[in-house]
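The values are calculated or read from the model by the stated rules, or taken from the named source; none is laboratory data. All of these numbers come straight from a predicted model, not from anything done at the bench. Reconstructed Cβ throughout: ideal geometry from the backbone, glycine too, with neighbour counts over all protein chains shown. Calculation scope for accessible area: heavy atoms of the full protein, side chains included, ligands and nucleic acids excluded. Shrake-Rupley method; radii C 1.70, N 1.55, O 1.52, S 1.80 Å.
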Amino acid sequence: MVAVLILTYNEERHIARAIESVSSFASEVFVVDSFSTDKTVEIARSLGAAVLSNPWTNYSKQFQWGLDNAPITADWVMRLDADEVIEQELAREIVEKLPRLGSDIVGVNLKRKHIFLGRWIRHGGRYPLILTRIWRKGQGRIEDRWMDEHVIVWGGHTVQFDAPFADHNLNDLGFFTEKHNKYATREAVDVLNQRYGLFAEDVRLTSEGSSLQASAKRFIKERIYNRISFPLSTLSYFLVRYIIQLGFLDGREGLIYHFLQGYWYRFLVGAKVLELDRTIRALPTPEEKRTVLARLTGLAL
């Protein structure tokens, strides 16, 4: 029925949980691994997943490589991160509804809920996050971006299922901050690319090709948020999220999450854009800017 594609690098803590959560509807599970040094590959194979290996560049290129190279035979494809879980209610909904969708439906949007320090973050605009995660084989791909990549579908419409899936990473706060530090560098590159045209941009995300929520948030971020001085934009975003969108109702765990992800991370992106921009701004050509930016960030631009 569904081919599930999961990217991994040292995910022995999560991979079994992810694979087992799709067992009721997945006819194929493909793990695209970036040469893990732990037991990720061994665990995945023991649970019946086919494992492909490919060097890592970024998420979008790795996922698209998986789509292009995995021997998918199922009619539908699902994107699932290793630290995500398809809960039983959603699994039942997929089994019941997916076979009955008309040929004009090419994608399914799912609701993602975030579990942080053991608590479901329900407020601050964080639930539901509506993402295209299932699509007909041959009618979907992933955006070519360094950060915040979404699945794009074509040739029909999308529908939304009711039950959510969970983003529940079991690692500690050190892992969280280290990961978001790397995210901030990648997002800063996307911001500077918009500013200077350093490399080709993907087509603009639209409600027809993805979820309405995702396309609206992208428009606001790129056309409004990124054009405001970052000390003001980050503080405003955090206050809106924590007070107006009731993030304070998520308790102590919510305070930590909303502050780190909704203020510290956004501030860090802005600071990195400022730092990198000062270095490349005076360079005369996009090629020179891109070369220096690649050296500074360590990314294969």
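Some observations on this one:
- Residues located in segment 265-294, provided they are surrounded by fewer than 17 Cβ atoms within 10 Å (Cβ to Cβ) and within 20 Å of F230 (Cβ to Cβ): A271, L274, E275, D277, R278, T279, R281
- Residue in segment 27-39 that is outside any loop (DSSP other than H, G, I, E, B), crowded, with 21+ Cβ neighbours inside 10 Å and acidic (D, E) present: yes
- Test for A16: is it surrounded by fewer than 21 Cβ atoms within 10 Å (Cβ to Cβ) and within 22 Å of I115 (Cβ to Cβ): yes
- Segment 72-108, residues that are more than 20 Å from A18 (Cβ to Cβ) and either of a type in the set (F, W, Y) or in contact with a strand residue (DSSP E or B) (Cβ under 8 Å, 6 or more places away or on another chain) (or both): T73, D75, K97, L101, D104, I105, V106, G107
- Selection within segment 56-89 - within 20 Å of W154 (Cβ to Cβ), outside any loop (DSSP other than H, G, I, E, B), open to solvent by 10 Å² or more (accessible area, probe 1.4 Å) and touching a Lys or Arg at 6+ places or on another chain (Cβ under 7 Å): Q64, L67, W76, R79
- Sub-9 Å Cβ pairs linking a first residue in segment 282-295 that is part of a loop (DSSP other than H, G, I, E, B) to a second residue that is open to solvent by less than 50 Å² (accessible area, probe 1.4 Å), at least 6 apart or interchain, are L283/K289; L283/V292, ordered by first then second residue.
- A single entry from S24, S46, S53 fulfils the requirement of being among the polar types (S, T, N, Q), open to solvent by 30 Å² or more (accessible area, probe 1.4 Å), out of contact with any strand residue (DSSP E or B) (no Cβ under 6 Å at 6 or more places or on another chain) and without any contact (Cβ under 8 Å) to a residue 60 or more places away in the chain: S46.
- Residue pairs whose Cβ atoms lie under 9 Å apart, sitting 6 or more positions apart in sequence or on different chains, and linking a residue in segment 134-147 that is aliphatic (A, V, I, L, M) to a partner that is open to solvent by less than 30 Å² (accessible area, probe 1.4 Å) and in a loop (DSSP other than H, G, I, E, B), are I142/E149; I142/H150; M147/N58.
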